[in-house]
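Contents: one structure, followed by commentary.
The values are calculated or read from the model by the stated rules, or taken from the named source; none is laboratory data. This one's a predicted model, so the numbers in the text were calculated from it and none came from an experiment. Ideal geometry is used to build each Cβ from the backbone, glycine not excepted, and the neighbour counts take in all protein chains shown. We work out accessible area using only protein heavy atoms, side chains counted, and drop any ligands, DNA or RNA first. Shrake-Rupley method; radii C 1.70, N 1.55, O 1.52, S 1.80 Å.
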Amino acid sequence: MSVLEYIEEKVKRKKMHMTLIDPAEQEPGESAKMAYEAYLAGTDAIMIGGSTNLTRELMDETILAIKEKINLPVIIFPSGVDVISQYADAIYFMSLLNSRDVNFVIRQQVMGAPIIKKIGLEPIPMGYLIIEPGMTAGRVGQAELIKRDDIKTAIGYALAAQYLGMKLVYLEAGSGAPEPVPQEMISAVKKETDIPLIVGGGIRTPQQARAIVKAGADIIVTGTLVEEVSNIRDSLKKIIEAISL
Ligand code: 1GP
């Protein structure tokens with residue numbers, strides 16, 4: 001089964017949780033421990049990526065360390081062509097649709113596609129949309145940030161992603177955002193589109209996670225949480241329980 005099939009099957013039955021690990025934030029062994037704790041808490045997949053200070057070597061070492069410990073899908077969440085690792089199970093083949101810089105919309109993808117083909121990595125087509133405040137991803141990705149109350153624009157982008165053939169759409173408030181994407185925007189986008197909806201950025205509490213899935217998210221992503229809490233397993237368990245209710 002491909003990783004996309006795994007996701008599409010799961011979202012039919014439940015709300016999914018993915019754990020984002022930034023290899024630049026800690027040693028590979030430490031990243032693997034975090035992934036193991038997230039696995040014990042019941043996360044459905046590990047996403048690997050970050051906006052700054054990433055190299056392919058660090059990606060390789062981190063992914064290998066994680067795969068030695070757990071058997072969950074490991075998906076690259078790329079910032080550019082230089083973080084493609086042959087050891088992952090899949091890569092989000094994503095376009096930052098609301099970037100002003102064509103590099104993030106299509107050029108990196110043009111450079112990455114032949115590499116992905118050569119190493120036999122599974123590409124998962126995804127439309128990536130950055131909403132205010134966007135944080136580092138918004139700045140680095142030169143995003144023309146979607147305003148928090150501009151639901152019409154969010155719907156337009158999400159539908160465009162679907163009509164372009166993308167299999168997933170991701171509403172991103174930015175890692176460490178003070179507030180997650182507004183619920184009104186999530187429910188409007190969910191209502192108007194038919195592909196699984198991922199929401200991430202600024203999700204810290206079970207209450208927020210629950211509200212986001214109730215609004216219509218199929219998959220939630222948490223990253224900063226696992227870097228900040230002392231007990232990853234307990235904190236993530238609470239989040240995962242809250243979205244399963
Ligand atoms: C960032 O959406 C993810 O790309 C996760 O955000 O670090 O705020 O959980 P957090």
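Take Val221 and decide whether it is surrounded by 18 or more Cβ atoms within 10 Å (Cβ to Cβ) and of a type in the set (Val, Ile, Thr).
Working: surrounded by 18 or more Cβ atoms within 10 Å (Cβ to Cβ): yes; of a type in the set (Val, Ile, Thr): yes.
Taking the combined requirement at face value, the residue satisfies it.
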> Just to be sure, is Val189 farther than 30 Å from Lys33 by Cβ and either part of a helix (DSSP H, G or I) or away from the ligand (no atom under 16 Å from the Cβ) (or both)?
Replying inline: yes
> When you go through (1) modelled with pLDDT of 95 or more; (2) out of contact with any strand residue (DSSP E or B) (no Cβ under 8 Å at 6 or more places or on another chain) one by one for Ser95, which number turns out not to apply?
Replying inline: (2)
> Which one of Ile84, Ile75, Ile119, Ile91 is closer than 15 Å to Ser31 by Cα and open to solvent by less than 70 Å² (accessible area, probe 1.4 Å)?
Replying inline: Ile75
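Somewhere in the range 156-169, is a residue in a loop (DSSP other than H, G, I, E, B), modelled with pLDDT of 95 or more and within 15 Å of the ligand (Cβ to nearest atom)?
The answer is no, given that none of the residues of the range 156-169 is in a loop (DSSP other than H, G, I, E, B), modelled with pLDDT of 95 or more and within 15 Å of the ligand (Cβ to nearest atom).
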> When you scan the range 1-96 for helices (runs of 4 or more DSSP H) that lie fully inside it, which ones turn up with 1 or more residues that are touching a residue at least 40 places away in the same chain (Cβ under 8 Å) and within 29 Å of Gln142 (Cα to Cα)?
Replying inline: 3-13, 56-69
>> Exactly one condition in (1) open to solvent by 40 Å² or more (accessible area, probe 1.4 Å); (2) more than 13 Å from the ligand (Cβ to nearest atom); (3) under 15 Å from the mean Cα position of the chain (by Cα) is false for Asp44; which is it?
In response: (1)
> Residues Arg210, Arg148, Arg233: which one is among the basic types (Lys, Arg), at pLDDT 95 or above, out of contact with any His (no Cβ under 7 Å at 6 or more places or on another chain) and closer than 22 Å to Glu132 by Cβ?
Replying inline: Arg148
> Only one residue in Ile186, Ile155, Ile151 is touching a Leu at 6+ places or on another chain (Cβ under 7 Å) and of a type in the set (A, V, I, L, M). Which one?
Replying inline: Ile186
> Counting just the residues of the range 136-155 that are hydrophobic (A, V, I, L, M, F, W, C) and within 13 Å of the ligand (Cβ to nearest atom), which one comes out most open to solvent (accessible area, probe 1.4 Å)?
Replying inline: Val140
> Counting only residues that are open to solvent by 10 Å² or more (accessible area, probe 1.4 Å) and in a helix (DSSP H, G or I), how many does the range 192-210 have?
Replying inline: 5
> Within the range 228-244, is there a residue that is in a helix (DSSP H, G or I), over 12 Å from Thr19 (Cβ atoms) and within 11 Å of the ligand (Cβ to nearest atom)?
Replying inline: yes
